[in-house]
Amino acid sequence: MGVLNSYHPEMARRLQQAMELAAISSVPKLARKTGIDRGYLYRLSQGEIRTPHKYLDTLAEAMGVSPHWLGAGIGEPYDHERTVPRHRRYFRTVTVVPNEGDSYDIEAEVPNIFSSHRHIPVEEERYRYLYVPETNDYFPAYTLLTVEQESRPGPGFFVAWINGEGRKRLGSFVAHYQGMDCVYSKDPDMEVIGRVRNMDYWQAEPSEEVIRK
């Protein structure tokens, strides 16, 4: 039963198709082209591995196919269309939330977490950036949050505005499944911003432009 449960024929079929499209006739030839261990590739070709996580980009590039298709069967082999820029950093509006005073926006260079092939393509406009420059009750200093603004059901780590003391503070809560129900640790006075997609340690530069509201 354990052998059957670990058999992944879909991966084996996609690898075989990719090799045929690239005119690579054997696993040893693929090993020479990629530098990946031949034994590992044999196991992949036999369906013993679900997806080649650490070698996905290398294999996809060597065979000229989409890594999303090769790794997860998403799209088509030659579906390389991406709405995501390839550069690793790019400029976005970042909302700075200090411990004292009101929040304000700056135009800053931030890490582009969507540049990796491993991320399912998304519309970047669905996300906003929040920056915590000083340690508060919820986050350490220099925390940059990439937040999905559209509310979707299900578990996750969320950020929210907390109303009180005449100003809005940034807080967080979690959601998890308890049986069939999704249970939230959200306080009643929290105004949900969205689910956190990514957290980075990051520091704004003094020269970055403040956007006047």
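The values are calculated or read from the model by the stated rules, or taken from the named source; none is laboratory data. This structure is a prediction, so every number in the text was calculated from the model and none was measured. Quick reminder, even Gly has a Cβ in these numbers, built from the backbone with ideal geometry, and neighbours come from all protein chains shown. Accessible surface areas use protein heavy atoms only, side chains included; no ligands, DNA or RNA. Shrake-Rupley method; radii C 1.70, N 1.55, O 1.52, S 1.80 Å.
Computed quantities for the displayed model
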{"read-out": "Cβ-defined net charge surrounding residue 134, 12 Å radius [Lys, Arg +1; Asp, Glu -1]", "value": "-1"}
{"read-out": "Spatially proximal aspartates and glutamates relative to residue 29 (Cα-Cα < 14 Å; intrachain offsets below 8 disregarded)", "value": "20, 37"}
{"read-out": "Residue-level accessible surface for residue 190, protein heavy atoms, 1.4 Å, Å²", "value": "20 Å²"}
{"read-out": "Relative contact order (%) - criterion: Cα under 8 Å, at least six apart; region: region 21-63", "value": "39 percent"}
{"read-out": "Highest average packing first - 135-147, 24-36, Cβ atoms within 10 Å", "value": "135-147, 24-36"}
{"read-out": "Rounded, prolate or oblate (a/c below 1.5 giving rounded, otherwise prolate when a/b exceeds b/c) for region 159-206 by Cα gyration tensor", "value": "oblate"}
{"read-out": "Cut-off 14 Å between beta-carbons: net charge of the residues surrounding residue 26, Lys and Arg +1, Asp and Glu -1", "value": "+3"}
